Amino acid sequence: MFDSIFLNVGFLVILLWGMSAITKESKLFNKRLAIIGGALVIINIFVTYQYIQVQSSHNTATYNLYLLTSSSMDQVTQIANKETENMEDIASLNKVIEDIYQHTNPLLLQMNHTRLVSSSSQRQLYGIIGDLSEQLEVFLNHHNSILAKGEVIETELFQQYDQLKSELFIFSHKFRSRGASSGVRLGIIQHRLFLDENEINRMEKTVGNISKIIEELTSEN
């Protein structure tokens with residue numbers, strides 16, 4: 001289905017005009033053709049409007065999930081400047097990461113239905129969030145086991161946890177975006193994020209750094 005009502009109507013008008021031109025000798029046929037054409041245009045408008053409504057619903061849901069995920073990432077600011085000194089600090093980091101992870105999964109599912117940025121950036125952003133979610137899951141599986149067993153992590157590794165906090169803070173800062181726009185199509189709101197290519201590339205690089213740190217942390221214990 002075309003995403004634009006103007007393309008749909010334009011296509012139908014051209015089609016009907018062509019059929020009418022071929023059958024100019026039949027006035028009755030032309031009248032019937034006009035009635036059928038008018039009905040098709042009305043149906044087309046209705047279907048297109050319904051389609052945009054559904055897209056808007058998915059778009060709004062995705063936008064709201066993005067904001068919720070962004071809010072969960074804001075928690076990193078509370079622990080980013082605090083040095084890791086004991087297992088309680090690691091447990092606090094684990095809790096923040098778990099909250100972020102619980103928001104990334106539904107966001108990924110919703111992003112399958114709509115987009116918040118340009119088509120090329122959408123694919124890249126989806127991959128970035130997917131990679132981050134995967135790495136956070138690895139971290140949680142590993143550390144939930146450690147915390148449940150009451151095991152102790154060597155203090156030599158604490159610096160790496162501080163590095164992880166820093167990278168998560170950088171990512172959250174870029175992820176929050178500089179804002180959003182709300183365009184209106186047929187009276188229906190469509191949200192878009194202000195994330196440029198450079199910001200998305202920086203997020204991709206930061207996720208790469210996060211992956212390396214988590215790989216080191218989960219392979220040492």
For this session: Collect the residues in region 120-146 that are open to solvent by 60 Å² or more (accessible area, probe 1.4 Å) and modelled with pLDDT under 90, keeping them in residue-number order.
Result: Ser120, Arg123
Exercise. Could you list, in sequence order, the residues of region 96-119 that are part of a helix (DSSP H, G or I), under 18 Å from Phe171 (Cα atoms) and open to solvent by less than 50 Å² (accessible area, probe 1.4 Å)?
Worked result: Val96, Ile97, Asp99, Ile100, Tyr101, His103, Thr104, Leu107, Leu108
Exercise. Has region 130-146 got at least one residue that is in a helix (DSSP H, G or I), over 32 Å from the mean Cα position of the chain (by Cα) and more than 30 Å from Leu193 (Cβ to Cβ)?
Worked result: no
Seminar exercise, completed: Scanning region 61-116 residue by residue, those aromatic (Phe, Trp, Tyr) and in contact with a His (Cβ under 9 Å, 6 or more places away or on another chain) turn out to be Tyr63, Tyr66
For this session: Test Glu85 against the stated conditions and say whether it is farther than 24 Å from Arg202 by Cβ and in contact (Cβ under 8 Å) with a residue 24 or more places away in the chain.
Result: yes
Exercise. What residue, of Leu93, Leu65, is at pLDDT below 90, part of a helix (DSSP H, G or I) and out of contact with any Asp or Glu (no Cβ under 8 Å at 6 or more places or on another chain)?
Worked result: Leu65
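The values are calculated or read from the model by the stated rules, or taken from the named source; none is laboratory data. Note that this is a predicted model, so its numbers are computed, not measured. Quick reminder, even Gly has a Cβ in these numbers, built from the backbone with ideal geometry, and neighbours come from all protein chains shown. The protein model used for the area step is the full one, side chains on, heavy atoms only, and it has no ligands, DNA or RNA in it. Shrake-Rupley method; radii C 1.70, N 1.55, O 1.52, S 1.80 Å.
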